[in-house]
1. Mind counting the residues in region 43-75 that are farther than 12 Å from Val98 by Cα and not in a helix (DSSP H, G or I)?
2. Here is a list of conditions, (1) more than 15 Å from the chain's Cα centre (by Cα); (2) modelled with pLDDT under 95, and Tyr49 meets all of them except one; can you say which number that is?
3. Take the residues in region 33-62 that are of a type in the set (Gly, Ala, Ser) and surrounded by 17 or more Cβ atoms within 10 Å (Cβ to Cβ), then tell me which one is farthest from Gly228 (Cα to Cα).
4. Exactly one of these conditions fails for Gly231: (1) touching a residue at least 60 places away in the same chain (Cβ under 8 Å); (2) farther than 15 Å from Ala107 by Cβ. Give me its number.
5. Does Gly33 qualify as being small (Gly, Ala, Ser) and part of a helix (DSSP H, G or I)?
6. Select from region 76-93 the residues that are in a strand (DSSP E or B) and surrounded by fewer than 21 Cβ atoms within 10 Å (Cβ to Cβ) and write down the one among them that is farthest from the chain's Cα centre (by Cα).
7. Looking at His200, is it under 28 Å from Val56 (Cβ atoms), surrounded by 20 or more Cβ atoms within 10 Å (Cβ to Cβ), touching a Lys or Arg at 6+ places or on another chain (Cβ under 8 Å) and modelled with pLDDT of 70 or more?
Amino acid sequence: MILFVSDMHFGRGPRAAERDKERALIACLEAYGREVDHLYLLGDVFDGYIEYRHLVPKGFVRFQALLARWTDRGTPVTYLLGNHDPWHQEYFSTELGVTVAPDAVTARHFGRRLHLAHGDALTAAHQSRRWLRALLRHPVPVRLYRALLPADLGLGLARWVSRRLHDRDDETPVARILRTQAHALLRHQTLDGVVLAHSHVPALQDSPQGVYANTGTWCKGHTFVCLGENGMHLRQWNGERARVIESVPM
């Protein structure tokens with residue numbers, strides 16, 4: 001089984017709520033245990049994450065410990081960076097064994113070729129904001145930000161901006177853009193499926209060209225996507241087990 005989950009936005013809310021969010025995610029992942037052949041984190045795991053040379057943001061060590069246990073036992077974990085957490089360096093790769101991917105990746109599982117991404121690049125291109133995304137990920141301004149702002153101030157400012165932008169998001173147009181862009185990828189590339197995140201709107205749609213899935217958001221809905229030999233499934237964790245929202249064969 002291949003598992004896709006995204007948009008936890010760890011660090012966004014009060015400490016108690018964040019601990020509950022982390023606890024639920026760990027319970028869900030542990031429920032699948034050794035069934036998972038590969039775990040993909042499709043971005044916005046953290047709500048404003050800046051890693052400094054000798055410092056990383058504190059918190060959520062139980063989730064990070066789970067990732068380390070999984071990679072230690074040989075279960076691959078791939079972390080595709082989102083628009084809220086693009087400023088990782090080497091901590092997740094060297095300490096936790098996680099493969100960190102700054103952009104989209106193409107993967108093959110169960111004989112199916114998949115395009116995987118957070119999705120912010122697709123909406124940025126559609127809304128003519130490619131320059132802003134490039135600026136926020138360019139090594140020069142990122143290096144200057146780290147150099148000029150100490151860790152507490154730099155991380156605090158990033159999280160404040162992240163919350164402000166998030167509060168203004170209208171999820172419906174973003175979901176529509178991602179759906180359109182995903183079907184364009186399916187039409188013009190040799191793909192069996194496209195799995196995205198970012199919109200916070202879960203989706204699973206079949207078409208003659210392939211399958212489009214969106215993980216939705218763990219932060220609000222505890223939704224995620226699974227791929228198995230028999231097809232792709234959109235699921236939701238209810239605190240004790242995952243219920244199937246929708247399934248499509250592949």
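The values are calculated or read from the model by the stated rules, or taken from the named source; none is laboratory data. Keep in mind that what you see is a predicted model, and the values were worked out from it rather than measured. Note that we place each Cβ from the backbone using ideal geometry, even for glycine, and neighbour counts take in every protein chain shown.
1. Narrowing region 43-75 to residues farther than 12 Å from Val98 by Cα: 43-63, 73.
Within this subset, residues satisfying the condition of being not in a helix (DSSP H, G or I) are 43-60, 73.
Qualifying residue count for the region: 19.
2. (1)
3. Taking the candidates together, the pick is Gly48.
4. Every condition holds for Gly231 apart from (1).
5. So Gly33 passes the test.
6. That would be Trp87.
7. Here the answer is yes, as His200 does meet what is asked.
Let's see how each residue does on (1) out of contact with any Cys (no Cβ under 9 Å at 6 or more places or on another chain); (2) assigned to a helix (DSSP H, G or I); (3) within 28 Å of Leu3 (Cα to Cα); (4) modelled with pLDDT under 70:
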site: Ala107; (1), (2), (3), (4): yes, no, yes, no
site: His118; (1), (2), (3), (4): yes, no, yes, no
site: Arg133; (1), (2), (3), (4): yes, yes, yes, yes
site: Val140; (1), (2), (3), (4): yes, yes, no, no
site: Arg163; (1), (2), (3), (4): yes, yes, yes, yes
site: Ile177; (1), (2), (3), (4): yes, yes, yes, no
site: Thr180; (1), (2), (3), (4): yes, yes, yes, no
site: Arg187; (1), (2), (3), (4): yes, yes, yes, no
